[in-house]
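S.K.: Below is the structure I would like to discuss, written out as structure tokens.
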Amino acid sequence: MACGTGHHLAMLPPSIARAGVDRSPAMLRIARGRLERSASLFRGDMRTIRLHRAFDAVFCLFSAIGYLLTPRDREAAFANFFRHLVPGGVAVVEGWIVPPEFRPNTVHLLTYNGDDAKIARVTTSSRVGTTSVMRMYYLAAEPGRPVRSFEEEHRMALVEPTDILRSLERVGFHARARKSPSYPARRIFVAVRPGV
Ligand SMILES: C[S@@+](CC[C@H](N)C(=O)[O-])C[C@H]1O[C@@H](n2cnc3c(N)ncnc32)[C@H](O)[C@@H]1O
């Protein structure tokens, strides 16, 4: 769910039935290029899409759940993950930064320095109530093309892990939180649909 460019989906073995959902056609285009026909990809919202199939596992990774800003939206997504699992199936949800560890009024720089392109992304982070706001400014240069610049704003919810666990339990999961091994300021929620 919210598979983006399909990078994580591609890590699952192609011998199992894989499906990805994202609301962004641009992200899905890249995912299609990466996965070709070895996975089914669907454009849709993780809160509402119905694939009419149940899976052994649902993954929602790299903090995509943070884009849902209210408990109601998060619970709609969790209920949908539940709906798409077989009994005994597991949902793995990687949360966004935990509230005490989010550092507002900071700036960040990320660069890509390939032969095909040079890209710089400068990000400013701020906090409005329980929402983190990241403004991203890009400068992208590719050989033989005019240099482009563009901006994005990302708003992501700052939610206590206990509140996420409560929402998961409310829709029927048995859930636990663990520190993300890759990003210590984030939690990984492992939620089992009971029934085996
Ligand atoms: C940070 S990316 C994560 C991509 C992917 N999960 C990964 O681990 O590489 C966030 C993705 O969530 C998608 N997204 C955000 N809200 C969504 C929603 N309500 N339903 C489906 N996709 C959503 C965005 O389009 C974007 O591709």
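S.K.: Being of a type in the set (A, V, I, L, M) and part of a strand (DSSP E or B) is the filter; apply it to region 54-85 and report the residue that is nearest to C3 (Cα to Cα).
M.R.: V58
S.K.: Taking region 159-174 only, how many residues are without any contact (Cβ under 8 Å) to a residue 60 or more places away in the chain and either among the aromatic types (F, W, Y) or not in a helix (DSSP H, G or I) (or both)?
M.R.: 1
S.K.: Give me a count of the residues in region 159-174 that are crowded, with 20+ Cβ neighbours inside 10 Å and in contact with a strand residue (DSSP E or B) (Cβ under 8 Å, 6 or more places away or on another chain).
M.R.: 3
S.K.: OK, next. Output the number of residues of region 85-101 satisfying the condition of being more than 16 Å from the ligand (Cβ to nearest atom) and out of contact with any Pro (no Cβ under 9 Å at 6 or more places or on another chain).
M.R.: Looking only at that region, the number is 6.
S.K.: Quick check on region 37-57: of everything there that is of a type in the set (A, V, I, L, M, F, W, C) and more than 10 Å from the ligand (Cβ to nearest atom), which residue is farthest from the chain's Cα centre (by Cα)?
M.R.: Ranking the candidates gives A54 first.
S.K.: Let me ask something else. Could we say that G172 is in the same structural domain as L109 (by TED's automatic domain parsing), on the phi > 0 side of the Ramachandran plot and not hydroxyl-bearing (S, T, Y) here?
M.R.: Answer is no for this residue.
S.K.: Is one or more of the residues making up region 9-19 surrounded by 14 or more Cβ atoms within 10 Å (Cβ to Cβ) and near the ligand (Cβ under 9 Å from one of its atoms)?
M.R.: Looking for residues that are surrounded by 14 or more Cβ atoms within 10 Å (Cβ to Cβ) and near the ligand (Cβ under 9 Å from one of its atoms), one finds at least one in region 9-19, hence yes.
S.K.: A further question on this structure: Can you pull out the residues in region 7-35 that are within 11 Å of the chain's Cα centre (by Cα) and more than 21 Å from H52 (Cα to Cα)?
M.R.: Result: H8, single match.
S.K.: Sort through S167, S149, S180 and tell me the only one that's of a type in the set (S, T, Y) and not assigned by TED's automatic domain parsing to the domain that holds R72.
M.R.: S149
The values are calculated or read from the model by the stated rules, or taken from the named source; none is laboratory data. Source: prediction; values computed, not measured. Every residue, glycine as well, gets a Cβ built from its backbone with ideal geometry; the counts of neighbours run over all protein chains shown.
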